[in-house]
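The values are calculated or read from the model by the stated rules, or taken from the named source; none is laboratory data. All of these numbers come straight from a predicted model, not from anything done at the bench. Every residue, glycine among them, receives a Cβ derived from its backbone with ideal geometry; neighbour counts consider all protein chains shown. Heads up: the accessible areas ignore ligands, DNA and RNA and are worked out on the full protein's heavy atoms, side chains in. Shrake-Rupley method; radii C 1.70, N 1.55, O 1.52, S 1.80 Å.
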Amino acid sequence: MKVSNSSLALCLLATASCSASINPEYDYVVIGSGAGGGPLAANLARHGYSVLLLEAGGDHVNSSLTTIPVMANIAAEDPEISWQFFVNHYSDPDEAQKDSKFTWQLTNGSYFAGSNPPPDAKARGILYPRGATVGGSAMVNAAGLALPPDNDWNHIANLTGDNSWKSENMRQYFERLESNHFLSKDTPGHGFSGWLGSNRNNLSIVRPDDGFFQVVSTAMTALGDSYNPSKDEVLKLLHRDSNSPDGNRFEKNRITEHTLHHDQKHRRSSPGAYLKSTIDETYSNGTQKYPLTVSTNSLATKVLFNNSTGPKSVVGVEYLKGAALYKADSRSNEADSGSAMVAVAKREVIVAGGAFNTPQILKLSGIGPQAELEEFGIPVQVPLPAVGTNLQDNYEIGVEGLASKDFFNTFENCTTAFAPGDPCFDEFMETGTGPYTQGPMLSLLMRSSQSENADADLWFFGGANGVFRGFWPGWSNATAPVSNFWWSIVKMQMQNQAGTVTLRSADPRDVPEINFNYFPEGRDSDLAALVEGMELALDIFGKVEAPWAPFNVTRPIQSLEEEAKYESWGHHASCSCPMGVDQDTSCVDSHFRVHGVKNLRIVDGSVFPRVPGGFPVAATFMISEKATDIILEDARKLVK
Ligand SMILES: Cc1cc2nc3c(=O)[nH]c(=O)nc-3n(C[C@H](O)[C@H](O)[C@H](O)COP(=O)(O)OP(=O)(O)OC[C@H]3O[C@@H](n4cnc5c(N)ncnc54)[C@H](O)[C@@H]3O)c2cc1C
């Protein structure tokens, strides 16, 4: 490979091994193609800057698993598409093992979830999936596209003193990225030509289900949203816009449909598809229009500094090329360590590896708590104690009940082979209709007595014909009878900021130690709110009328408080490199710049000081747009 002068200089000056292959230079190198990094890389390339996007996973943008909405859970457990971390909810093993999902690994490598594991089984913890593919976790998530309460944006503005984070300014980023497919085009606060499709389930699929409407009508009454609405009234109420620009939209308990990041034909709309369309666009002579290079199977191991005196400045990234190198990849093989590569960034490096990997990459690069880096023999470049602290998640807990009469079986005519010949697959592929288009349906907002302001602090989703109980090996195959109705109750405004991501070793292929430190002492309000949420769900079951009543409640399986404490789960990990002003308690400033380092930013879910609302992906897409503007503005200033 031809090595340019500045690449050679990098090899000589920086901490990179000179045996590594050096790529051509790029204006920007982005690490991670998820909700934060993917759109940012595409946007920068569309503005004419050369971008190298390093993605540790492969490319599954056109796979059925990432495009068919009902296959999302299978994608999140697919070894080629997702990483499987094991995390700790509690550092005390006795507390941790009270969770029925607690997982052990047997000597033959297989897993066992629950109490009384076989002898010699090794405790692993709680399974935690993350998308590891072009498009990141946004390729395997449930696609709930839910804007956070305005108060969450205003909190960042207050914390940083940067008013551009105020909710009234942030809305423009949603309008820019959204391509709404269900509202009239003059609806304020929405976008209709952005890169991300937004759509809702087709309620006509559940229209025949009188039982479903009976439960929703009862829930609306119990919530004070409406009083015994008829089926037609329920349909009308469900159609209210869950992402309306009304600043008080979290102040009223209510049930609507979920908005989903689905396109017009109800396929997943995603950063992966946006990246692909950016690469595929050509001029009439066939040459690539935008200078974007996506390097898959490329595990970034550290950012590289120039060694000149003065402020620390990042000049590139070292990475390993090879498939399944990371140990959270269930296909990984100790013997295969990939080939070392170096990418040179002429302008900046942007880290967007997500809440577990971004702090790991920073620490491996020598940016983090000094004592921890020294413990693993990592030369300290910039001491930054907040890296890997403040890890947060929305707690989530389920309530389920079996009705006395079956609900309408939406999937009755599907073989679930997800291949030609499966009538539901054929319908999905041909017309973009049918049961395979469905994502989470109901979206219920409830303000518990623990809310810190006028906003709802609980966000339920759920419905008939399905089940969601959190994560353990095999979770994506969980089934329930057609009479099952389930609610998943998501806590917002979490008081727990005690989570940590710490290194296990200096090996970049190793997974970090992830501790959420659930329900720390003195933070009882999260627990109390979850209990109130479960009480509401049980109250709804209790008030539904025959023939669906009485309900046989199958979850919770213990007292409400114990259930919330030991059976809660999460999959919205965020905040592990938070934004702020104080260098002791935050990692980046309000322009995403890592404190004390030049040419290095973080743009992903780890920068939120607290988890935005109940579903972080919409807010992560929005900060990716905001970061685009800031980076472009800084680039323009450099030219002047
Ligand atoms: C099963 C599941 C369901 C979810 N459902 C919802 C939902 O319905 N609504 C919602 O709002 N949120 C949901 N989420 C959460 C949401 O998807 C994430 O919060 C969001 O995608 C985070 O974006 P991110 O950019 O921070 O990280 P990610 O989207 O996870 O992207 C990080 C990317 O970086 C790559 N990477 C990591 N380390 C390296 C490295 N060293 N080198 C190169 N590449 C690297 C990863 O492979 C990945 O592609 C769900 C998540 C999961 C797992």
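For region 82-131, the solvent-accessible area works out to 48 Å² per residue, with a probe of 1.4 Å and every protein chain left in place. Note on region 407-527: Rg/Rh from Cα positions, Kirkwood definition for Rh, rounded to two decimals, is 1.10. Directionally averaged projected area (region 102-203, Cα convex hull): 11.6 nm².
Can you figure out the FRET efficiency of Thr431 with Asn477, using R₀ = 30 Å and their beta-carbon distance, to the nearest 0.05? It comes out at approximately 0.60.
Along the axis of the charge dipole computed for region 119-195 (Cβ charges of +1 for Lys and Arg, -1 for Asp and Glu, origin at the Cα centre), the listed residues Gly135, Ser193, Phe174 are led at the positive end by Gly135. Taking the three principal axes of the alpha carbon atoms in region 82-131, the coordinate ranges are 32, 26, 15 Å, sorted in descending order.
Distance between the 7 Å Cα→Cβ label points at Thr585 and Ser244: 3.6 nm. Normalised by 2.2 N^0.38 Å, where N is the number of residues, the alpha-carbon radius of gyration of region 135-281 equals 1.18. Put a plus charge on the Cβ of each Lys and Arg, a minus charge on the Cβ of each Asp and Glu, and nothing anywhere else: the dipole of region 279-339 about its Cα centre is then about 200 debye. Around the amide H of Val482, modelled in the peptide plane, lies no amide H under 5 Å away from a residue 5 or more places distant or on another chain. For the chain, the fraction of 1.4 Å probe accessible surface lying on carbon and sulfur atoms is 49 percent. Applying the Karplus relation 6.51 cos²θ - 1.76 cosθ + 1.60 with θ = phi - 60° to region 61-75 yields 3J(HN,Hα) values of 4, 9, 6, 4, 4, 9, 10, 8, x, 6, 8, 4, 5, 5, 4 Hz, where x marks Gly and Pro. Close amide-amide hydrogen proximity is noted between Met441 and Gly462, each under 5 Å apart and 5 or more residues distant or on a separate chain (H modeled in the peptide plane; Pro and chain starts excluded). The C-alpha radius of gyration of the chain, expressed as a fraction of 2.2 N^0.38 Å, stands at 0.94. For region 238-330, the Cα-based Rg and Dmax, in that order, read 21.9, 61 Å. Near Pro508, once Lys and Arg are set to +1 and Asp and Glu to -1 for all other residues with Cβ below 12 Å from its Cβ, the sum equals +2. Our coupling estimate for region 588-601, obtained by passing each phi through the Karplus curve with A = 6.51, B = -1.76, C = 1.60 and θ = phi - 60°, is 10, 8, 6, 9, 6, 7, 5, 4, x, 10, 8, 6, 9, 10 Hz, Gly and Pro reported as x.
Rounded to the nearest 10 degrees, the angle from helix 617-639 to the longest Cα principal axis of the chain is 30 degrees. Each residue of region 453-459 was assigned a 3J(HN,Hα) from its phi angle through the Karplus curve 6.51 cos²θ - 1.76 cosθ + 1.60 (θ = phi - 60°); the sequence is 8, 7, 7, 4, 10, 10, 9 Hz, with glycine and proline shown as x. When only the Cβ of Lys, Arg, Asp and Glu is charged (+1, +1, -1, -1), the dipole of region 82-131 relative to its Cα centre reaches about 240 debye.
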